[in-house]
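To start, the structure under review is shown below, and the notes come after it.
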Amino acid sequence: MSTRHLNRIARRYVIVGTLMLSACTVVGPEFEPLSTESEGVWPVAITADLQPAAPVPVRWWEGFDDPVLNELVEEARVQNLQVEVAALRVLEARARLAGATGLSYPQTQVAVGDATFVSPSESDLLDRLGIGNFWQYSLGASVTWEADFWGRYRRGIEAADASLQASVAAYDQAVVLLTAAVVNTYSAAREAEEQLRISRENEALQQRSYEITQVLYRNGEESELDMQQALSLLLSTRATIPPLQTALQQARNALGSLLGRPPGYVEPILARGEGLPIVPTEIAIGLPADMLRRRPDVRQAELLAMSQTAVVGIATADLYPSFRLFGALGVSSGGPGNTNFGDMFGSDAIALQAGGNFVWPFLNYGRIRNNIRIEDARLQQALLGYQDTAIQAAREASDAIAGLTGAREEAQILAAAVASAQRSSDLSLLRFQDGFSGYQRVLDAQQRLFVQQQRYVSNRASLVRDAVALYKALGGGWQDRSGLPPVDTENLDMMRERTDWGDLLSDETE
């Protein structure tokens, strides 16, 4: 076969492939984003300390003005294992997208080589013809390419790309949730410390009162009842200390876990500060529409619906015939009477095959159509999930605004209540010592003081949690990735030792 003849066949093959590509279309539905944007104003009353016109701060935790908290958040964002798992899922999605992209090229490429030694038996026809032992050699390659006539592979790329973007959004959501968890857990630890401080202060106060009643009882100036009531109140207050110590240790352990560290790691860090974080007096909340665009979970739900839309298109393509082009080029030499290996590279040893076919599973429509129905039902589930995620996001933001507003109002009232209870306790003890009132009033005043102090500390911690809930509902915190390596270098090195990741483990990944 001449070279000119081979070129002519190859040109015809290319022309046919080009015509098939030009006729390609894409079947299946197109993704249409749902209208999830709310009105330009919040559906709840906005107080003066909330600013809907100002953009939500990216590094919102720094607004608490707590250096220890800032240090813990930064370390958690780098060391947390769950965030790193989310980053590894992004790498997995990158590999899937690369695999889907590769299907646009010839799907099957095979290179084969063969060397066969033939020794005919005495009863073999070759032996009777006087042909003895000989070698046969062959070398060739074949290619099969299914034209993307109905957009099956393009839909696959769309689905994989949307899944990749959804995994990125899931990673961003993991960062948002981690940051909120660190601030909340830090607040729980500081709350336990404050409650312990209050319990011990009241224990000391009530210990002095008990000692006074004990002396008065021994001197016969008061009844045993006053002494026993004072002891009962003292023991009741003392009993609050062990559970608070337990809660404090558990909060420290939880904080260490968020940092990817063993128990005991955060104690020296917490010792560098004290007191609950102070919620900023003014908080920027932006507009509701911006909140929906900012929240990673809403973006993830939308992208998953987009990916499933493409999957419906992939299933729909099975209804139509698939067209394949194939070609094979090989050389061979050897055989009876010719054992020269070098003859394999001569022009007479070249063999070429080229052609095409189509496959149309017209008797399987029931199976194919039901598969399309399955994927379409999944698409509708994803669309409803997308809509529900947006609705829940708006609800969470509104709840957080209402909670923060109510907690601020309660804080002002409780601060006044604590001051009044403290004054009442001081006056009742003075009047008792001067003999102007009984000890029952002292007991009542000290008990009310302890309760009001506990409520006030709980309210301050609740105020921090409400602020965190608001920032989390607004979707802030993931935008700043400075100093945030998605995957630890040591883990990347382990992966490189096991597998050739090529460019997928780029410097950006590290």
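The values are calculated or read from the model by the stated rules, or taken from the named source; none is laboratory data. Small disclaimer: the values here were computed from a predicted structure and weren't measured. Cβ atoms come from the backbone with ideal geometry, glycine included; neighbour counts cover every protein chain shown.
Just a few scattered comments:
- For residue 317, the conditions (1) modelled with pLDDT of 90 or more; (2) crowded, with 17+ Cβ neighbours inside 10 Å are fulfilled apart from (1).
- Exactly one residue among 411, 416 is part of a helix (DSSP H, G or I), in contact with a Lys or Arg (Cβ under 7 Å, 6 or more places away or on another chain), more than 24 Å from residue 232 (Cα to Cα) and assigned by TED's automatic domain parsing to the domain that holds residue 307, and that residue is 411.
- Helices (runs of 4 or more DSSP H) wholly inside region 209-271 containing at least 3 residues that are touching a residue at least 12 places away in the same chain (Cβ under 8 Å), farther than 30 Å from residue 186 by Cα and in the same structural domain as residue 432 (by TED's automatic domain parsing): 224-238
- From the list 191, 201, 282, the lone residue that is surrounded by fewer than 18 Cβ atoms within 10 Å (Cβ to Cβ), among the charged types (D, E, K, R) and within 28 Å of residue 404 (Cα to Cα) is 282.
- Hits in region 482-503 (condition: surrounded by 13 or more Cβ atoms within 10 Å (Cβ to Cβ) and modelled with pLDDT under 75): 484, 485, 486
- Filter result for the condition that a residue is touching a helix residue (DSSP H, G or I) at 6+ places or on another chain (Cβ under 9 Å) and within 18 Å of residue 206 (Cβ to Cβ), over 440, 479: 440
- For region 419-431, the set of residues classified as touching a residue at least 60 places away in the same chain (Cβ under 8 Å) and surrounded by 21 or more Cβ atoms within 10 Å (Cβ to Cβ) consists of 425 only.
- Residue in region 142-159 that is surrounded by the fewest Cβ atoms within 10 Å (Cβ to Cβ), counting only those that are among the aliphatic types (A, V, I, L, M) and either in the same structural domain as residue 113 (by TED's automatic domain parsing) or not in a helix (DSSP H, G or I) (or both): 143
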